[in-house]
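Remarks on the structure that follows.
The values are calculated or read from the model by the stated rules, or taken from the named source; none is laboratory data. Because the structure is a prediction, the values reported are computed rather than measured. Every residue, glycine as well, gets a Cβ built from its backbone with ideal geometry; the counts of neighbours run over all protein chains shown. These accessible areas exclude ligands, DNA and RNA; they are computed on the full protein's heavy atoms, side chains included. Shrake-Rupley method; radii C 1.70, N 1.55, O 1.52, S 1.80 Å.
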Amino acid sequence: MKSFSDVTGQSLLVDESLLAGKMSAGVRGQFSAEDALSRLLAGTGLRERYASDKAFTLESFDSGSAGSAGDELAQDASDSRWEVYGASLQASLEHELCRVPGAKPGSYRLALQVWIDEAGTVNRVRLLGSTGLQARDASISQALEGIRVEPPPAGLGQPMTLLLLPAGAAHALRCDTPVAARA
(Lines give C-alpha, C1' and ligand atoms only; values in the text may rest on other atoms or scores of the structure.)
Protein backbone atom coordinates (compact mmCIF):
# COMPACT_ATOMS: atom_id res chain seq x y z
CA MET A 1 0.00 0.00 0.00
CA LYS A 2 2.95 2.32 0.54
CA SER A 3 3.81 1.99 -3.15
CA PHE A 4 0.24 2.97 -4.06
CA SER A 5 0.52 6.06 -1.87
CA ASP A 6 3.91 6.95 -3.34
CA VAL A 7 2.64 6.65 -6.93
CA THR A 8 -0.71 8.44 -6.47
CA GLY A 9 0.16 10.96 -3.75
CA GLN A 10 -2.84 9.76 -1.73
CA SER A 11 -2.30 9.24 1.99
CA LEU A 12 -3.19 5.94 3.60
CA LEU A 13 -4.27 6.05 7.25
CA VAL A 14 -4.58 2.54 8.63
CA ASP A 15 -3.79 0.46 11.67
CA GLU A 16 -0.96 -1.78 10.43
CA SER A 17 -2.47 -4.79 12.23
CA LEU A 18 -5.38 -4.66 9.76
CA LEU A 19 -2.91 -5.39 6.94
CA ALA A 20 -1.28 -8.38 8.67
CA GLY A 21 -1.57 -11.50 6.53
CA LYS A 22 -3.22 -9.66 3.62
CA MET A 23 -1.79 -10.14 0.14
CA SER A 24 -2.70 -8.38 -3.08
CA ALA A 25 -2.02 -9.58 -6.60
CA GLY A 26 -0.82 -6.08 -7.43
CA VAL A 27 -1.75 -3.92 -10.38
CA ARG A 28 0.07 -3.31 -13.66
CA GLY A 29 -1.07 -0.91 -16.34
CA GLN A 30 -2.65 2.50 -16.48
CA PHE A 31 -5.69 2.99 -14.25
CA SER A 32 -7.28 5.82 -12.34
CA ALA A 33 -6.16 5.86 -8.71
CA GLU A 34 -9.60 4.69 -7.58
CA ASP A 35 -9.70 1.81 -10.08
CA ALA A 36 -6.15 0.75 -9.20
CA LEU A 37 -7.01 0.77 -5.50
CA SER A 38 -10.14 -1.33 -6.08
CA ARG A 39 -8.05 -3.84 -8.01
CA LEU A 40 -5.39 -3.91 -5.28
CA LEU A 41 -8.00 -4.60 -2.61
CA ALA A 42 -9.92 -7.29 -4.56
CA GLY A 43 -9.99 -10.51 -2.57
CA THR A 44 -8.26 -9.06 0.52
CA GLY A 45 -11.40 -8.58 2.63
CA LEU A 46 -10.59 -4.86 2.84
CA ARG A 47 -12.29 -1.82 1.38
CA GLU A 48 -11.34 1.82 1.17
CA ARG A 49 -13.08 4.75 2.78
CA TYR A 50 -12.01 8.16 1.53
CA ALA A 51 -11.56 10.91 4.12
CA SER A 52 -10.79 13.43 1.37
CA ASP A 53 -9.70 13.37 -2.26
CA LYS A 54 -6.10 12.86 -1.08
CA ALA A 55 -6.53 10.58 1.94
CA PHE A 56 -8.18 7.26 2.64
CA THR A 57 -8.30 4.56 5.24
CA LEU A 58 -8.94 0.85 4.96
CA GLU A 59 -11.51 -1.20 6.82
CA SER A 60 -12.37 -4.85 6.76
CA PHE A 61 -15.64 -6.28 5.60
CA ASP A 62 -17.12 -9.74 5.19
CA SER A 63 -16.84 -10.25 1.42
CA GLY A 64 -18.80 -13.48 1.61
CA SER A 65 -22.04 -11.95 2.83
CA ALA A 66 -24.51 -10.13 0.66
CA GLY A 67 -26.76 -7.75 2.56
CA SER A 68 -30.32 -6.84 1.73
CA ALA A 69 -31.21 -3.46 0.27
CA GLY A 70 -32.51 -2.46 3.72
CA ASP A 71 -29.18 -3.41 5.31
CA GLU A 72 -27.33 -1.33 2.72
CA LEU A 73 -29.57 1.70 3.31
CA ALA A 74 -29.09 1.39 7.06
CA GLN A 75 -25.33 1.13 6.56
CA ASP A 76 -25.33 4.19 4.27
CA ALA A 77 -27.28 6.21 6.85
CA SER A 78 -24.88 5.09 9.59
CA ASP A 79 -21.84 5.90 7.43
CA SER A 80 -23.24 9.36 6.69
CA ARG A 81 -23.84 10.04 10.38
CA TRP A 82 -20.28 8.99 11.21
CA GLU A 83 -18.83 11.11 8.37
CA VAL A 84 -20.73 14.15 9.66
CA TYR A 85 -19.45 13.42 13.16
CA GLY A 86 -15.88 12.99 11.86
CA ALA A 87 -16.03 16.38 10.11
CA SER A 88 -17.39 18.01 13.27
CA LEU A 89 -14.72 16.34 15.39
CA GLN A 90 -11.94 17.46 13.05
CA ALA A 91 -13.22 21.04 13.14
CA SER A 92 -13.35 20.94 16.96
CA LEU A 93 -9.81 19.62 17.24
CA GLU A 94 -8.45 22.14 14.74
CA HIS A 95 -10.25 24.94 16.59
CA GLU A 96 -8.67 23.79 19.86
CA LEU A 97 -5.22 23.67 18.26
CA CYS A 98 -5.68 27.26 17.08
CA ARG A 99 -5.39 28.19 20.77
CA VAL A 100 -1.97 26.56 21.19
CA PRO A 101 1.12 28.60 20.32
CA GLY A 102 3.32 26.58 17.98
CA ALA A 103 0.62 23.98 17.23
CA LYS A 104 -1.67 26.12 15.07
CA PRO A 105 -2.83 23.84 12.24
CA GLY A 106 -2.25 24.72 8.64
CA SER A 107 1.53 24.59 8.46
CA TYR A 108 2.00 20.84 8.95
CA ARG A 109 0.56 17.46 8.05
CA LEU A 110 -0.31 14.99 10.79
CA ALA A 111 -2.32 11.80 11.08
CA LEU A 112 -3.65 11.08 14.55
CA GLN A 113 -6.07 8.84 16.35
CA VAL A 114 -8.39 9.89 19.16
CA TRP A 115 -10.53 7.92 21.58
CA ILE A 116 -13.65 9.68 22.81
CA ASP A 117 -15.93 8.52 25.61
CA GLU A 118 -19.74 8.65 25.50
CA ALA A 119 -19.72 12.04 27.27
CA GLY A 120 -17.51 13.56 24.56
CA THR A 121 -14.19 13.68 26.42
CA VAL A 122 -11.06 12.93 24.40
CA ASN A 123 -9.47 10.27 26.60
CA ARG A 124 -6.46 9.40 24.48
CA VAL A 125 -4.53 10.84 21.54
CA ARG A 126 -1.99 8.91 19.47
CA LEU A 127 0.04 10.63 16.78
CA LEU A 128 0.61 8.37 13.78
CA GLY A 129 3.69 10.27 12.73
CA SER A 130 5.33 13.57 13.44
CA THR A 131 4.77 17.16 12.39
CA GLY A 132 8.54 17.44 12.10
CA LEU A 133 8.95 19.17 15.44
CA GLN A 134 9.04 17.12 18.65
CA ALA A 135 7.91 20.05 20.80
CA ARG A 136 4.91 20.69 18.52
CA ASP A 137 3.99 16.99 18.61
CA ALA A 138 4.00 17.06 22.42
CA SER A 139 1.96 20.29 22.47
CA ILE A 140 -0.67 18.77 20.18
CA SER A 141 -1.09 15.65 22.30
CA GLN A 142 -1.22 17.66 25.51
CA ALA A 143 -3.71 20.19 24.08
CA LEU A 144 -6.16 17.58 22.82
CA GLU A 145 -6.21 15.06 25.67
CA GLY A 146 -9.09 15.79 28.01
CA ILE A 147 -10.94 18.32 25.86
CA ARG A 148 -14.70 18.07 25.46
CA VAL A 149 -16.21 17.59 22.01
CA GLU A 150 -19.59 16.52 20.73
CA PRO A 151 -20.34 13.01 22.07
CA PRO A 152 -19.86 10.31 19.41
CA PRO A 153 -22.82 8.54 17.81
CA ALA A 154 -23.67 5.12 19.27
CA GLY A 155 -21.70 2.31 17.66
CA LEU A 156 -18.86 4.50 16.44
CA GLY A 157 -15.67 2.48 16.13
CA GLN A 158 -12.78 3.77 18.16
CA PRO A 159 -10.29 5.20 17.64
CA MET A 160 -11.24 7.87 15.12
CA THR A 161 -8.40 8.50 12.66
CA LEU A 162 -8.01 12.06 11.40
CA LEU A 163 -5.65 13.82 9.05
CA LEU A 164 -4.60 17.42 9.63
CA LEU A 165 -3.40 18.92 6.37
CA PRO A 166 -1.39 22.03 5.54
CA ALA A 167 -3.56 24.93 4.43
CA GLY A 168 -3.94 25.12 0.70
CA ALA A 169 -6.45 24.95 -2.10
CA ALA A 170 -8.02 21.73 -0.81
CA HIS A 171 -7.93 22.71 2.85
CA ALA A 172 -8.26 26.35 3.83
CA LEU A 173 -8.17 26.34 7.62
CA ARG A 174 -8.31 29.70 9.30
CA CYS A 175 -8.09 30.21 13.01
CA ASP A 176 -10.76 32.75 13.99
CA THR A 177 -8.63 35.03 16.11
CA PRO A 178 -4.94 35.30 16.87
CA VAL A 179 -3.74 33.07 19.71
CA ALA A 180 -2.61 36.10 21.73
CA ALA A 181 -6.18 37.48 21.76
CA ARG A 182 -7.64 34.36 23.36
CA ALA A 183 -8.18 34.08 27.09
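Would you confirm whether or not segment 60-71 contains a residue that is farther than 28 Å from Ile140 by Cα, at pLDDT 70 or above, open to solvent by less than 80 Å² (accessible area, probe 1.4 Å) and assigned to a loop (DSSP other than H, G, I, E, B)? Step through it out loud before you land on a result.
To start, the set of residues in segment 60-71 that are farther than 28 Å from Ile140 by Cα comprises 60-71.
Filter once more, keeping what is at pLDDT 70 or above: 60.
Then keep just the ones that are open to solvent by less than 80 Å² (accessible area, probe 1.4 Å); that gives 60.
Subsequent filtering for residues that are assigned to a loop (DSSP other than H, G, I, E, B) retains none.
Within segment 60-71 (the criterion being farther than 28 Å from Ile140 by Cα, at pLDDT 70 or above, open to solvent by less than 80 Å² (accessible area, probe 1.4 Å) and assigned to a loop (DSSP other than H, G, I, E, B)), the answer is no, since none of the residues qualifies.
Can you find, within segment 117-132, the residue that is most open to solvent (accessible area, probe 1.4 Å) among those that are more than 17 Å from Leu163 (Cβ to Cβ) and either in contact (Cβ under 8 Å) with a residue 24 or more places away in the chain or not in a strand (DSSP E or B) (or both)? Restricting to residues being more than 17 Å from Leu163 (Cβ to Cβ) and either in contact (Cβ under 8 Å) with a residue 24 or more places away in the chain or not in a strand (DSSP E or B) (or both), the top hit is Glu118.
Hey, among Pro101, Pro105, which residue is open to solvent by 60 Å² or more (accessible area, probe 1.4 Å) and in contact with a helix residue (DSSP H, G or I) (Cβ under 7 Å, 6 or more places away or on another chain)? Write out each step before concluding.
On the way: Pro105 fails: open to solvent by 60 Å² or more (accessible area, probe 1.4 Å).
Step by step, each of Pro101, Pro105 is checked, and only Pro101 is open to solvent by 60 Å² or more (accessible area, probe 1.4 Å) and in contact with a helix residue (DSSP H, G or I) (Cβ under 7 Å, 6 or more places away or on another chain).
Please indicate, with yes or no, whether at least one residue in segment 133-149 is on the phi > 0 side of the Ramachandran plot, open to solvent by 60 Å² or more (accessible area, probe 1.4 Å) and among the small types (Gly, Ala, Ser).
Step one: of segment 133-149, the residues on the phi > 0 side of the Ramachandran plot are 146.
If we keep only those that are open to solvent by 60 Å² or more (accessible area, probe 1.4 Å) too, we end up with none.
Within segment 133-149, not a single residue is on the phi > 0 side of the Ramachandran plot, open to solvent by 60 Å² or more (accessible area, probe 1.4 Å) and among the small types (Gly, Ala, Ser).
When Ala36, Ala42, Ala25, Ala51 are screened for being open to solvent by 50 Å² or more (accessible area, probe 1.4 Å), of a type outside the set (Lys, Arg) and at pLDDT 75 or above, only Ala42 passes.
Selection of first residues in segment 147-162 that are under 17 Å from Ala91 (Cβ atoms) and of second residues that are assigned to a strand (DSSP E or B) and of a type in the set (Gly, Ala, Ser), restricted to Cβ pairs under 7 Å at least 6 apart or on distinct chains, gives the following pairs, ordered by first then second residue: Thr161/Ala111.
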